[in-house]
């Protein structure tokens, strides 16, 4: 299997990459989002002349100009075609992206679902007129008008790609092969000290998703919409898990190294990390558990204070064009957003590997969405626990 070139470069240089598209949070600088009542902003109705520049905030690997690998360059042709010179700030967490967007110095950001509603609620992200993004018509239907990229039928961004949080395990140490998240929760003591978990407050949703299936009496529907009782149950489950966790990972290569050495034998991962770990010789595999899983989808969002909105719109259309979206998906290791990209990947099996066209697969994925007091599952008689309390609880869970 052809690996993402981004990670080949990382391994060759020994670089330790921070978590990127999945939006890790260090718990600092997070905005408190109580309810989703965004200011009344209006999307542009037409585009004007290019301003000659666009300033982006992005995850590592999303805006490549040939510096990391001469073969990975979709910035230079964009600049040549549009006259918009690209300046990029690589962010290491969703919280950092939220803070940077508040400065007004940037035109667009590749936000994950644990940041997007914060940007919408605060008025830092503007509505997007998708009619001004021609390639939007070819975006997979499962990415359109979702809780993490829209509000009341108004699009607040252009989908970039998506991925699932899978269960990875050592095929020699974990037998029989697990098919449930119970391997890292109720049965985690079997692998005490060698369980690994994703290091972010949004991981609380993984516990909630598991409880949704195993404790139906809690009434959990959406793992990002938890009332106080449901939230308490998820936190207690993670506190119990903590005693068996050897490492919380927030770095691709550290998880690869831990599974290679045997320090970790079971835990949450991404498809691309599984592929890289297997290529490094580790005896691992990954599965979508029977309870389903959480996942992520990144969205290019326009700053409400954008100084170069015309170039930003051109960038959003460019990054999801069939050829470019195929290139960035293979480079990074994720399912592309554009349907037509699957015919253009260098690996003919790429979209099958990443389940790009399998909407039944994505139906079992609860994509990261910022928790807010206004319950995302439709309940109006109760307040849900907002993200700020998730951040606080995560710090306490880890001790």
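Okay, here's what the table says:
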| item | result |
| --- | --- |
| Only one of 58, 91, 21, 43 that is surrounded by fewer than 22 Cβ atoms within 10 Å (Cβ to Cβ) and either at pLDDT 95 or above or under 25 Å from the mean Cα position of the chain (by Cα) (or both) | 43 |
| Of all residues making up segment 297-312, the number that are surrounded by fewer than 24 Cβ atoms within 10 Å (Cβ to Cβ) and either touching a strand residue (DSSP E or B) at 6+ places or on another chain (Cβ under 8 Å) or closer than 22 Å to residue 363 by Cα (or both) | 5 |
| Cross-chain or 6+ apart pairs with Cβ under 6 Å, segment 218-229 first and outside the structural domain of residue 391 (by TED's automatic domain parsing) and touching a residue at least 24 places away in the same chain (Cβ under 8 Å), then surrounded by fewer than 17 Cβ atoms within 10 Å (Cβ to Cβ) and outside any loop (DSSP other than H, G, I, E, B) | none |
| In segment 265-285, the residues that are crowded, with 22+ Cβ neighbours inside 10 Å, closer than 23 Å to residue 185 by Cα and out of contact with any strand residue (DSSP E or B) (no Cβ under 6 Å at 6 or more places or on another chain) | 273 |
| Filtered residue count, segment 103-143, keeping only those that are assigned to a helix (DSSP H, G or I), out of contact with any strand residue (DSSP E or B) (no Cβ under 7 Å at 6 or more places or on another chain) and touching a residue at least 40 places away in the same chain (Cβ under 8 Å) | 10 |
| Test for residue 33: is it modelled with pLDDT of 95 or more and touching a helix residue (DSSP H, G or I) at 6+ places or on another chain (Cβ under 7 Å) | no |
| Some residue of segment 62-77 being within 18 Å of the chain's Cα centre (by Cα), at negative phi and in a loop (DSSP other than H, G, I, E, B) | yes |
| Residue check for residue 98: assigned to a loop (DSSP other than H, G, I, E, B), surrounded by 21 or more Cβ atoms within 10 Å (Cβ to Cβ) and outside the structural domain of residue 284 (by TED's automatic domain parsing) | no |
| Sole residue being assigned by TED's automatic domain parsing to the domain that holds residue 145, touching a residue at least 12 places away in the same chain (Cβ under 8 Å), in contact with a helix residue (DSSP H, G or I) (Cβ under 9 Å, 6 or more places away or on another chain) and within 30 Å of residue 224 (Cα to Cα), chosen from 339, 324 | 339 |
| Odd one out for residue 254, checked against (1) touching a strand residue (DSSP E or B) at 6+ places or on another chain (Cβ under 8 Å); (2) at pLDDT 95 or above; (3) more than 26 Å from residue 140 (Cα to Cα) | (2) |
| Unique match (being under 18 Å from residue 299 (Cα atoms), touching a residue at least 60 places away in the same chain (Cβ under 8 Å), crowded, with 18+ Cβ neighbours inside 10 Å and touching a helix residue (DSSP H, G or I) at 6+ places or on another chain (Cβ under 9 Å)) among 151, 191 | 151 |
| Residue tally, condition out of contact with any helix residue (DSSP H, G or I) (no Cβ under 8 Å at 6 or more places or on another chain) and within 15 Å of residue 56 (Cβ to Cβ), over segment 75-87 | 4 |
| Any hit, segment 279-295, residues being part of a loop (DSSP other than H, G, I, E, B), modelled with pLDDT of 95 or more and within 15 Å of residue 196 (Cβ to Cβ) | yes |
| Search result, residues across segment 342-356 that are in contact (Cβ under 8 Å) with a residue 24 or more places away in the chain and either surrounded by 15 or more Cβ atoms within 10 Å (Cβ to Cβ) or within 30 Å of residue 95 (Cβ to Cβ) (or both) | 350, 353, 354, 355, 356 |
| Any hit, segment 238-246, residues being assigned to a helix (DSSP H, G or I), within 26 Å of residue 116 (Cα to Cα) and in the same structural domain as residue 392 (by TED's automatic domain parsing) | yes |
| Count of residues meeting criterion [in a loop (DSSP other than H, G, I, E, B) and within 18 Å of residue 246 (Cβ to Cβ)] in segment 157-185 | 6 |
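The values are calculated or read from the model by the stated rules, or taken from the named source; none is laboratory data. Since the model is a prediction, treat every value here as computed from it, not as a measurement. Ideal geometry is used to build each Cβ from the backbone, glycine not excepted, and the neighbour counts take in all protein chains shown.
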